[in-house]
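Asker: Shown below is the structure under consideration.
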Amino acid sequence: MQKDYKGPVEYSLEIAIEKIVGLLKEDYGISKRAIALLLLQDEEEIKALVREKETEALSKIEAIIEEISAHYIHPLTYELALERQAQVRQIISKAVTVKQEKVSIREKISRLSMNPITGLPLVLFVLYWGLYKFVGEFGAGTVVDFLEGTIFAQYINPFITNLFVRLLPWEILQDLFVGEYGVMTLGFRYAVALILPIVTFFFIFFSIIEDIGYLPRLAMLLDRTFKKIGLSGRAVIPMVLGFGCATMAVMVTRTLATKRERIIATILLALAVPCSAQLGVILALLEGNLPGMLIWAGVVGLVFLFIGYLTAKILPGERPSFYMEVPPLRWPKIGNVLTKTYVRVKWYFKEILPLFLLASVFIWLGKLTHLFDLVINLLRKPVEAIGLPHQASKIFLFGFFRRDYGAAGLYDLNKQGILTGLQLVVACVALTLFLPCIAQFLMTTRERGWKVGLGISAFILFFSFGVAYILNLLLSNLGVVL
Amino acid sequence: MILSDRAEEILERLGVELIEQKKEVHDAGILKDDEALKELVNLSYLKIKAGQFSLTDEGKEEARSCVRRHRLAERLLVDILDAKKGIVHERGCKFEHLLHKGLDDNICTLLGHPKTCPHGRPIPEGECCKDAKRAPKKLIMPLFELELNKKAKIAYLQTHNRSILQKIIAIGALPHSEVVLLQNFPSYVFQIGKAQFTVDQELASHIYVRVS
């Protein structure tokens, strides 16, 4: 191709590239011209590489870049982008003719999905059918019941228990593996029979809306609201994932652009986003109690916005900016959905299974050393302060090991008939806000560091009980009967 | 009173050094016997004392206006006349002398009261900028002010913030691209070519478009 030496000859980009190419002596696996272009665009990794390899010519190369930069108004990245765009336009003008098209039906649906008047009801529709019906009722309900109740309870657990009892004659070790909270009977069973199906169904749902191209539209609708809590529309992805599994969502906060956004998202995920397992049990608990459910959802929603707003005010740093491509709406392809679901479930399972097994070991240790009795006693006072019977302290401790485990404990308490409607709602709020499960805690410390992880946990510990305390005070003084 | 071109150049230079860079005085140096210098002194824009000169209040006003005209001329060349940037400063120097009082405000309005020249230096505000709130139709405006479903072309990106620039480059919202704003609430959605993008107000305020 003919080269176009634009600008004053001695400062033209093309000349600078030729000079740099001439100075590069080492082999980079890609063309030297590409390296030169990347250098001009201030590409950090390439700069580091060249700094390492070209000890002799380095100062000369840097001088050329400095000189050429001084002769352009804009950063060279921008000048090159303009140059590239001009080339593209030229090629396209020769090769492509664009016909004026009318707005297609596909495009009309796309616009409707982005218009807040039609788009927001659509969000609720998608969440109701996708999350609540498909993931919650079918995945976490029907499928889990079958896997846990039938496959594990009737076949696998008795077999494994039998095996371990015969292999390990010591009761303490039997407890570790096949006891009530054993590595095999609790940790493994939970991971395989409960989390695996829920997460699989969640990922199917997520992959479908992703393949349709719905996520950028959701992000676009929510960006303005998310800005108020220090996040950008991009954060909808970890937030929606949080309703599946908050542990995984914390991992996905990596995709957010700034450290500030990642910290805010992590706090909100730990505090006010219930995961599908927990959500399932809580919804079952409050079923048929519409005012109770509205109070629960209202309080948790308010806490989400309030804490987001507050952390955004307190944390220093740049405001997030939001930009995303909006792809055309497409029919989901089954092949795509299955591949994405498979890859994600595999990856997730590999990350999460060890954490579950570890949690079982912790429970075993806690019981063995009577540390649990101590913690349950410590929790007794605050539990009574928020108007709950002392038996409820146990559910908070277990809630830390598995979010839904706490909720399930609450379910049992409720069945025994010792909770009033009001206590139930307060307990649901407290449990939702309370410390996330141990897996999420470990993930938070891994992603954000020990200091931030512990800080967030300490804050949540006091805050969740504080909110429950105020709610209990308010409702009982107003004489609300639920 | 119409100044000579040379006197305007001197005033502009002084406007940059004495007002923007806040130097107290300027060394008269080689300009000592310049005709234009005498012209400025006669108009009492300049005071010379022991080889140093400083601007009077009137002179400052005039110098500010010279700087404004020069930078507006540059913007005009780049945004409307589409001149290559390398020659902008030099041509701007010639062009500015044609923009006399009042004319500069018209150009400023035409351009949508730009705040910086293409090199990123501030353009001093004129009367028209202060009235801009009730100003009528503009030809050039930030993307977020564009009417929905109306074709426009991207004129320039008003930012020197690298990270913002990088994002706009990634989207491909570069000068000369045709753009249609599809939606402005809750976020901005626009179309460039066959692709659609959504951005927040912050990013949309850095992209200036020219209505065709």
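The values are calculated or read from the model by the stated rules, or taken from the named source; none is laboratory data. No experiment lies behind these values; they were computed from the predicted model shown. Glycine gets a Cβ as well: all are built from the backbone with ideal geometry, and neighbour counts include every protein chain shown. Side chains included, ligands, DNA and RNA excluded: accessible areas come from the protein's heavy atoms. Shrake-Rupley method; radii C 1.70, N 1.55, O 1.52, S 1.80 Å.
Asker: Does B:LEU181 satisfy being facing chain A (nearest Cβ under 7 Å), open to solvent by less than 40 Å² (accessible area, probe 1.4 Å) and free of Cβ contacts under 8 Å to residues at least 60 places away in the same chain?
Answerer: no
Asker: Does A:LEU49 satisfy the condition of being surrounded by 17 or more Cβ atoms within 10 Å (Cβ to Cβ), touching a residue at least 12 places away in the same chain (Cβ under 8 Å) and out of contact with any Lys or Arg (no Cβ under 8 Å at 6 or more places or on another chain)?
Answerer: Criteria not met by A:LEU49.
Asker: Further question on the same structure: Checking A:ILE73 against (1) within 14 Å of chain B (Cβ to nearest Cβ); (2) open to solvent by less than 60 Å² (accessible area, probe 1.4 Å); (3) at pLDDT 85 or above; (4) in contact with a helix residue (DSSP H, G or I) (Cβ under 8 Å, 6 or more places away or on another chain), only one condition comes out false. Which one?
Answerer: (3)
Asker: Report yes if A:LYS99 is loosely packed, with under 12 Cβ neighbours inside 10 Å and within 12 Å of another protein chain (Cβ to nearest Cβ), otherwise no. Reasoning before the result, please.
Answerer: On the way: loosely packed, with under 12 Cβ neighbours inside 10 Å: yes; within 12 Å of another protein chain (Cβ to nearest Cβ): yes.
Yes, satisfied.
Asker: Here's another thing I want to ask about it. Consider B:ASP131 against the criteria (1) at the interface with chain A (Cβ under 10 Å from one of its Cβ atoms); (2) charged (D, E, K, R); (3) more than 25 Å from A:HIS71 (Cβ to Cβ): it satisfies all of them except one. Which criterion is unmet?
Answerer: Just one mismatch for B:ASP131, condition (1).
Asker: Checking B:LEU139 against (1) in contact with a Ser or Thr (Cβ under 8 Å, 6 or more places away or on another chain); (2) more than 8 Å from chain A (Cβ to nearest Cβ): exactly one of these is not met. Which one?
Answerer: Of everything listed in (1) in contact with a Ser or Thr (Cβ under 8 Å, 6 or more places away or on another chain); (2) more than 8 Å from chain A (Cβ to nearest Cβ), B:LEU139 misses just condition (1).
Asker: Scanning for something closer than 24 Å to A:LEU422 by Cα, loosely packed, with under 14 Cβ neighbours inside 10 Å and of a type in the set (Asp, Glu), does segment A:384-392 turn up at least one residue?
Answerer: Yes, there is a match, as at least one residue in segment A:384-392 is closer than 24 Å to A:LEU422 by Cα, loosely packed, with under 14 Cβ neighbours inside 10 Å and of a type in the set (Asp, Glu).
For (1) of a type in the set (Phe, Trp, Tyr); (2) modelled with pLDDT under 90; (3) under 30 Å from A:GLY317 (Cβ atoms), each residue gets a yes or a no:
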site: A:VAL135; (1), (2), (3): no, yes, no
site: A:LEU194; (1), (2), (3): no, yes, no
site: A:PHE206; (1), (2), (3): yes, no, yes
site: A:MET251; (1), (2), (3): no, yes, yes
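Asker: From the set of residues in segment A:280-296 that are open to solvent by 40 Å² or more (accessible area, probe 1.4 Å) and part of a helix (DSSP H, G or I), which is nearest to A:THR142 (Cα to Cα)?
Answerer: Among those that are open to solvent by 40 Å² or more (accessible area, probe 1.4 Å) and part of a helix (DSSP H, G or I), it is A:ALA284.
Asker: While we're looking at this one, here's another question. Over 30 Å from A:PHE372 (Cβ atoms), of a type in the set (A, V, I, L, M, F, W, C) and either surrounded by 15 or more Cβ atoms within 10 Å (Cβ to Cβ) or at pLDDT 95 or above (or both): which single residue out of A:ILE352, A:ILE334 fits that description?
Answerer: Details: A:ILE352 fails: over 30 Å from A:PHE372 (Cβ atoms).
One residue alone meets the criteria, A:ILE334.
Asker: Residues A:ALA235, A:ALA219, A:ALA277: which one is surrounded by 18 or more Cβ atoms within 10 Å (Cβ to Cβ), assigned to a helix (DSSP H, G or I), within 11 Å of the chain's Cα centre (by Cα) and in the same structural domain as A:VAL345 (by TED's automatic domain parsing)?
Answerer: Step by step, each of A:ALA235, A:ALA219, A:ALA277 is checked, and only A:ALA235 is surrounded by 18 or more Cβ atoms within 10 Å (Cβ to Cβ), assigned to a helix (DSSP H, G or I), within 11 Å of the chain's Cα centre (by Cα) and in the same structural domain as A:VAL345 (by TED's automatic domain parsing).
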